[in-house]
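**Q** This is the structure I have questions about; it appears just below.
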Amino acid sequence: MKLIKKVQVKNRLGLHTRPATVIVQLLQNSKSDVSFTCRRETVNARSLLSILMLAARQNSKITITIEGQDDDVSQTMNNLVNAFEMNFGE
Amino acid sequence: MGDDVKEMKIRGVPISGGVAIGKPYFFTLSESHFPEYAIREHDIDIEVSRFRKAVDLSRKDVKRLQKQLEKEGVHEAAAVLETHLQMLQDTLLTTDVEAGIRQGLKNAESVFCTVVQRCEKKFMSLPDLFFRERVKDVKDVARRVLSHLCATATDRMPELPQDAVVVAYELPTSEAAEASTSRVKGFLTAIGGATSHAAIVAKAKGIPCITEVDLATLEKCRDGHVVIDGGRGEIILNPTPGTLRRYRKLCREQEDYIEDLTKDKDLKAETQDGYRVMLSANVETVADTSLMHRYGSDGVGLFRSEYVLALRDQFPSEEEQYTLYRTLVERMQGLPIVMRAFDVGGDKPGRLQTTLDGDERRFGERAIRLLLQEPEIFRAQIRAMLRASRHGDVRILLPMIACPQEFQEAKALIDDVYQSLKKNHEAPTKVPPIGCMIEVPSAAVLADALAEQADFFSIGTNDLVQYTLAQDRSEQSSRRYSYGHPAILRLIHVVVTAAVAKGIPVTVCGEMAADPLFTPFLVGIGVQGFSVAVPHLPVLRRRIRMLKFVDAVAVADRALQLSDEESVRSFLSSDPEG
């Protein structure tokens, strides 16, 4: 299954080291392929450096694409969207 | 040493103080001389395994460094090292490199370098400073992995010869962290600001550090000794035997003098006729508190919380701040600590500048104005401070207050935060004392109104001089006026008089507090506290103990009548008690 969803970065400093770290840690439990697209650039969301290189500021829109086994994909998407909504605990 | 090699002095920007003598060691940081060769198919597995081992050793290095720093009581750079660990697990630098080795049939160094260079190029092209700065971490991590892959090409800090004065273009944080004070006598770099991670680590370890050094000149004198004076930012190249003798004697004398003074650490800072002064320390790091206890003090008079920002690439959360503040409070051993709220500048609304760039901090939206404009940040810090205050004697200080209304607004926010903490049972028994920094001239003029609201005053002489005499504090060499100017003396007098009238304590922090020439004046007008950098504590204590309060009052009265700085200084120097 493939799921695609758009989220917005709410954090004041954008997708900086801490939120990027949260994302990477979150995805450690997932078995699916996860990528982020921002301003036409697509990166592997499991790579801390790749997320940082996106340099996504506050209010940037990110398209999350997850592909894999049905249950895992839905669960991963929920977790990620939730993390974005919660400002990654900031 | 040949006759044609003359002794000479070069200057740089002082970062971390101390006098030292050593031999220059040119630290190689270049990643560009790595071998590139093809590997055969049946050697692929060996090559991949060699790479994995290098990454693994790098991870172990960083973990060991973290433990070492903790043991040394240096808490700085902990977050940076944590990021390094995460980067060492990043697929870009691990699995992708392994795939590159297999597909390209090339050696690990060249594949890794290509990946790293691509990353670096990408980071350097980003418009945001925050994100661009991450390239330093990539470089640091890459260097470490390459040093394990190719043992001869890069230097390792633990393997330096004794008494090395490390010379490098730029100092990576983890290298500063690895330096041992017994081997490394100093750092000389071409670039690197006072608030760079490496600088802060160097200061925390007490290693002299000078930046903006002309490396080309140093190169020419690489074979002899160098003398460095970190506090002055001076380096003496090709020192004559006489100079060396003089400085060796100075080093020994300094050590003996400090040892001697620290014997007095339990003596009270009291004049001969019983006027008691609170002698406190200005601190930035947890390590400062250990040194403070060694020299003896009445507490921390100024904790510059913005240093917390300099060590992280982003704004710390309430939890991170609480952990740090609590650690600090617990290190106080019951003594009070005055925590100043973030004194930082912001040049773009809504975008905090977390680096301490001196020039941009002078005017505009900074310190309390910024905090009031960004209430979530202010609240998070106050919450962390209030929670930490349950573990000791904490006082809160508000920076750059210009008028009573600003103070009132800030206090209202603090009270509100206190109430919300109280609902969750996370509050201390009562709101801690809230003080006002007097550094803006308007606050000094309105001191009587502010004294009604504030629980204490802290006079920031550095900024007060800057604003009152319209003089850039960063232009060290071209300073026309200083805190010895009569305008400053009289302004301070106004502040202290107002404070004494309302019965609130006044502390002086800033360079003036540490200057023994002005101690009689400050004591004489009724200042109750001095807050200085830790190394100044012993000397100041001895100065105060030599004074008689009645004489200090007379000195102050006379000094206030003088109308120019030169007369002030010459009068204070001629003071028979001095």
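The values are calculated or read from the model by the stated rules, or taken from the named source; none is laboratory data. Everything numeric here is computed off the predicted structure, so don't read it as measured data. For neighbour counting, all protein chains shown are included, and Cβ atoms are generated from backbone atoms with ideal geometry for every residue, glycine included. Heads up: the accessible areas ignore ligands, DNA and RNA and are worked out on the full protein's heavy atoms, side chains in. Shrake-Rupley method; radii C 1.70, N 1.55, O 1.52, S 1.80 Å.
**Q** Just to be sure, is B:R294 closer than 27 Å to B:L397 by Cα, among the charged types (D, E, K, R) and either touching a Phe, Trp or Tyr at 6+ places or on another chain (Cβ under 6 Å) or not in a loop (DSSP other than H, G, I, E, B) (or both)?
**A** Yes: the conditions hold for B:R294.
**Q** List the helices (runs of 4 or more DSSP H) that sit entirely inside the stretch B:60-141 and contain at least 3 residues that are closer than 24 Å to B:L324 by Cα.
**A** Working: elements: B:78-87, B:95-104, B:108-124, B:129-132.
Answer list for the stretch B:60-141: B:78-87.
**Q** Can you find even one residue in the stretch B:132-144 that is buried (at least 18 other Cβ atoms within 10 Å of the Cβ), more than 14 Å from chain A (Cβ to nearest Cβ) and of a type in the set (K, R)?
**A** Yes, the stretch B:132-144 contains at least one residue that is buried (at least 18 other Cβ atoms within 10 Å of the Cβ), more than 14 Å from chain A (Cβ to nearest Cβ) and of a type in the set (K, R).
**Q** State whether one or more residues within the stretch B:110-119 are more than 14 Å from chain A (Cβ to nearest Cβ), in contact (Cβ under 8 Å) with a residue 12 or more places away in the chain and of a type in the set (G, A, S).
**A** Yes, some residue in the stretch B:110-119 is more than 14 Å from chain A (Cβ to nearest Cβ), in contact (Cβ under 8 Å) with a residue 12 or more places away in the chain and of a type in the set (G, A, S).
**Q** Which ranges mark the strands (runs of 3 or more DSSP E) fully within the stretch A:1-72 that have 3 or more residues being within 9 Å of the chain's Cα centre (by Cα) and surrounded by fewer than 16 Cβ atoms within 10 Å (Cβ to Cβ)?
**A** Passing ranges: none, list empty.
**Q** Moving on. Mind listing whichever residues of the stretch B:409-430 are of a type in the set (V, I, T) and at pLDDT 95 or above? Can you show your working first?
**A** First pass over the stretch B:409-430, keeping only residues of a type in the set (V, I, T): B:414, B:417, B:429.
Once the filter is applied, which keeps residues that are of a type in the set (V, I, T) and at pLDDT 95 or above, the stretch B:409-430 yields B:I414, B:V417.
**Q** Separate question: Quick one: which of B:R248, B:R326 is surrounded by fewer than 20 Cβ atoms within 10 Å (Cβ to Cβ), in contact with a strand residue (DSSP E or B) (Cβ under 7 Å, 6 or more places away or on another chain) and outside any loop (DSSP other than H, G, I, E, B)? Write out each step before concluding.
**A** Values: B:R326 fails: in contact with a strand residue (DSSP E or B) (Cβ under 7 Å, 6 or more places away or on another chain).
Result: B:R248 is the single residue among B:R248, B:R326 that is surrounded by fewer than 20 Cβ atoms within 10 Å (Cβ to Cβ), in contact with a strand residue (DSSP E or B) (Cβ under 7 Å, 6 or more places away or on another chain) and outside any loop (DSSP other than H, G, I, E, B).
**Q** Let me ask another. Could you check the stretch A:1-18 and list, in sequence order, the residues that are more than 18 Å from A:T65 (Cα to Cα) and touching a helix residue (DSSP H, G or I) at 6+ places or on another chain (Cβ under 7 Å)?
**A** Of everything in the stretch A:1-18, those that are more than 18 Å from A:T65 (Cα to Cα) and touching a helix residue (DSSP H, G or I) at 6+ places or on another chain (Cβ under 7 Å) turn out to be A:K10, A:N11, A:L13, A:H16, A:T17, A:R18.
Let's see how each residue does on (1) free of Cβ contacts under 8 Å to residues at least 60 places away in the same chain; (2) open to solvent by less than 30 Å² (accessible area, probe 1.4 Å); (3) of a type in the set (K, R); (4) closer than 14 Å to B:A20 by Cβ:
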site: B:E170; (1), (2), (3), (4): no, no, no, no
site: B:A177; (1), (2), (3), (4): no, yes, no, no
site: B:I191; (1), (2), (3), (4): yes, no, no, no
site: B:A199; (1), (2), (3), (4): no, yes, no, no
site: B:K205; (1), (2), (3), (4): no, yes, yes, yes
site: B:E212; (1), (2), (3), (4): no, no, no, no
site: B:L215; (1), (2), (3), (4): yes, no, no, no
site: B:E219; (1), (2), (3), (4): no, no, no, no
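**Q** Could you check the stretch B:74-111 and list, in sequence order, the residues that are surrounded by fewer than 16 Cβ atoms within 10 Å (Cβ to Cβ) and small (G, A, S)?
**A** B:A99, B:G104
**Q** Evaluate the following for A:V81: is it touching a Phe, Trp or Tyr at 6+ places or on another chain (Cβ under 6 Å) and part of a helix (DSSP H, G or I)?
**A** Details: touching a Phe, Trp or Tyr at 6+ places or on another chain (Cβ under 6 Å): no; part of a helix (DSSP H, G or I): yes.
Answer is no for this residue.
**Q** Another one. Residue under question is B:P516, and the condition is that it be out of contact with any Gly (no Cβ under 7 Å at 6 or more places or on another chain) and at pLDDT below 95; does it hold? Explain how you work it out, then say what you get.
**A** Details: out of contact with any Gly (no Cβ under 7 Å at 6 or more places or on another chain): yes; at pLDDT below 95: yes.
Answer is yes for this residue.
**Q** Which residues, counting only those in the stretch B:558-573, are open to solvent by 30 Å² or more (accessible area, probe 1.4 Å) and not in a helix (DSSP H, G or I)?
**A** Answer for the stretch B:558-573, where residues must be open to solvent by 30 Å² or more (accessible area, probe 1.4 Å) and not in a helix (DSSP H, G or I): B:S563, B:D564.
**Q** Here are B:L562, B:L540: which of them is in contact with a Pro (Cβ under 8 Å, 6 or more places away or on another chain) and closer than 30 Å to B:V19 by Cα?
**A** On inspection, the qualifying residue turns out to be B:L540.
**Q** Additional query: Restricting to the stretch B:267-325, count the residues that are at pLDDT below 95, in contact with a Gly (Cβ under 8 Å, 6 or more places away or on another chain) and under 19 Å from B:M512 (Cβ atoms).
**A** 1
**Q** Within the group A:A45, A:A20, which residue is of a type in the set (A, V, I, L, M, F, W, C), out of contact with any strand residue (DSSP E or B) (no Cβ under 9 Å at 6 or more places or on another chain) and within 14 Å of chain B (Cβ to nearest Cβ)?
**A** Values: A:A45 fails: out of contact with any strand residue (DSSP E or B) (no Cβ under 9 Å at 6 or more places or on another chain).
Exactly one of A:A45, A:A20 is of a type in the set (A, V, I, L, M, F, W, C), out of contact with any strand residue (DSSP E or B) (no Cβ under 9 Å at 6 or more places or on another chain) and within 14 Å of chain B (Cβ to nearest Cβ), namely A:A20.
**Q** So in the stretch B:520-557, with the set limited to residues that are within 20 Å of B:G460 (Cβ to Cβ) and outside any helix (DSSP H, G or I), which one is most open to solvent (accessible area, probe 1.4 Å)?
**A** B:Q528
**Q** Of the residues A:K31, A:K2, only one is basic (K, R), in contact with a strand residue (DSSP E or B) (Cβ under 9 Å, 6 or more places away or on another chain) and away from chain B (no Cβ under 14 Å); which?
**A** A:K2
**Q** Within the stretch B:62-97, track down each residue that is at pLDDT below 80 and either closer than 30 Å to A:V43 by Cα or facing chain A (nearest Cβ under 8 Å) (or both). Steps first, answer last, please.
**A** Let us first name the residues in the stretch B:62-97 that are at pLDDT below 80, namely B:70-79.
If the condition is that a residue be at pLDDT below 80 and either closer than 30 Å to A:V43 by Cα or facing chain A (nearest Cβ under 8 Å) (or both), then B:A77, B:A78, B:A79 are the ones that fit.
**Q** Go through (1) modelled with pLDDT of 90 or more; (2) farther than 24 Å from B:I200 by Cα and name the single condition B:E31 misses.
**A** (1)
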